Amino acid sequence: MKKLIPIVVLFITINTQAQTTTFNTLLQKYVDAKGNVNYKDFFKNDIKTLDSYLDYLKKTNPSASWSENKQKAFWINAYNAYTMKLILTHYPIKSIMKIKKKGKSAWKIPFAEVGGKTYTLDHIEHKILRKKLFDPRIHVGVNCASGSCPKLHNKAFTEKNIDSELESLMKQFINDAKRNKLNKKSTVHISEIFNWFKADFTKNGSVIDYINKYSDNEINNNAKIHYLPYDWNLNGK
């Protein structure tokens, strides 16, 4: 029996890597460097491939023995994959905000199956990622399929790459003039994400302190903050 345990662990590891590679291939194929998704071709050609990755998620129960990075990568990938599935299921559609089921928004519909349980996108983001695996950079990892969201990364997250990829994505997001306007030191116009999730970004200082960790141009600590209108149009090409 003891000999079987390492074999089982090895099988699970290899299967996880293979399935993550499948999702990575889809992202590379249909998501460009700016995070725009070619939903039209995805819808026509590769829904079954995405379904094969979702089948893996349905059967896989993330273990508490996994490293925090491995758990974080798994759940962010799951969130993004199920969001894409939701869009493709309702395609063509102009905005995720148009998706409703029994009066529930896209984020409150229980449809994301992981490890034999069914979750809402809200549960994955707020109860698992934000609560159990806290990291402000999660907000540039998960993607809401909308124009003002941090760009959808065209690469799957893994235990090995998640720290460096989230760090890079946060820097890109903060310095993206479409999503944050930091050209004036005394006044900044920033994403609503910094308002909605202010508590996540102010654990060790102010929102400006957090932005200055990544900003190419340092902002005054007492700068006036204005939040930009959120673009909920689909992040499609």
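The values are calculated or read from the model by the stated rules, or taken from the named source; none is laboratory data. Only a predicted model underlies this, so the values are computations on that prediction, with no experimental measurement involved. Note that each Cβ is placed from the backbone with ideal geometry, even for glycine, and that neighbours are counted across all protein chains shown. For accessibility, only protein heavy atoms count, side chains too; no ligands or nucleic acids. Shrake-Rupley method; radii C 1.70, N 1.55, O 1.52, S 1.80 Å.
Below, the figures for the structure above:
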| quantity | calculated |
| --- | --- |
| Stokes-Einstein D (µm²/s) once Rh is taken as the Kirkwood radius of the range 8-104 over alpha-carbon pairs, at 20 °C in 1.002 mPa s | 145 |
| Estimated dipole of the chain in Debye, rounded to 20 [Cβ of Lys and Arg +1, of Asp and Glu -1, Cα centre] | 600 |
| Cβ-placed point charges (K, R +1; D, E -1), dipole of the range 86-211 about Cα centre in debye, nearest 20 | 540 |
| The range 152-224, Rg to Rh (Cα coordinates; Rh as Kirkwood inverse mean 1/r) | 0.99 |
| Two-decimal Rg to Rh for the range 48-157 - Kirkwood Rh, Cα set | 0.94 |
| Distant alpha-carbon pairs in the range 14-69 (separation over 16 angstrom), percent | 51 |
| For ASP163, net neighbour charge (Lys/Arg +1, Asp/Glu -1) across residues whose Cβ lies under 12 Å away | -1 |
| Solvent-accessible area, 1.4 Å probe, carbon plus sulfur percent, for the chain | 52 |
| Acute angle (nearest 10 degrees) that the helix 162-174 long axis makes with the longest principal axis of the chain, alpha-carbon atoms | 30 |
| Exceeding the 19 Å Cα-Cα cut-off - candidates LYS98/LYS171; LYS59/LYS98; LYS70/LYS131; LYS34/LYS155 | LYS98/LYS171; LYS59/LYS98 |
| Degrees, to the nearest 10: 47-59 long Cα axis against longest axis of the chain | 80 |
| Overall Cα dimensions of the chain - principal axes, largest extent first, Å | 64, 43, 33 |
| Other-chain or far-sequence residues with amide H under 5 Å of LYS181's (modelled H) | HIS189, ILE190 |
| For the chain: accessible area per residue (Å², 1.4 Å) | 53 |
| Chain lengthening between LYS181 and ASP231 when straightened (0.36 nm per residue, less Cα-Cα) | 16.5 nm |
| Given LYS127/LYS178; LYS85/LYS203; LYS108/LYS203; LYS44/LYS104; LYS100/LYS160; LYS85/LYS213, the pairs whose alpha carbons are separated by over 31 Å | LYS85/LYS203; LYS100/LYS160; LYS85/LYS213 |
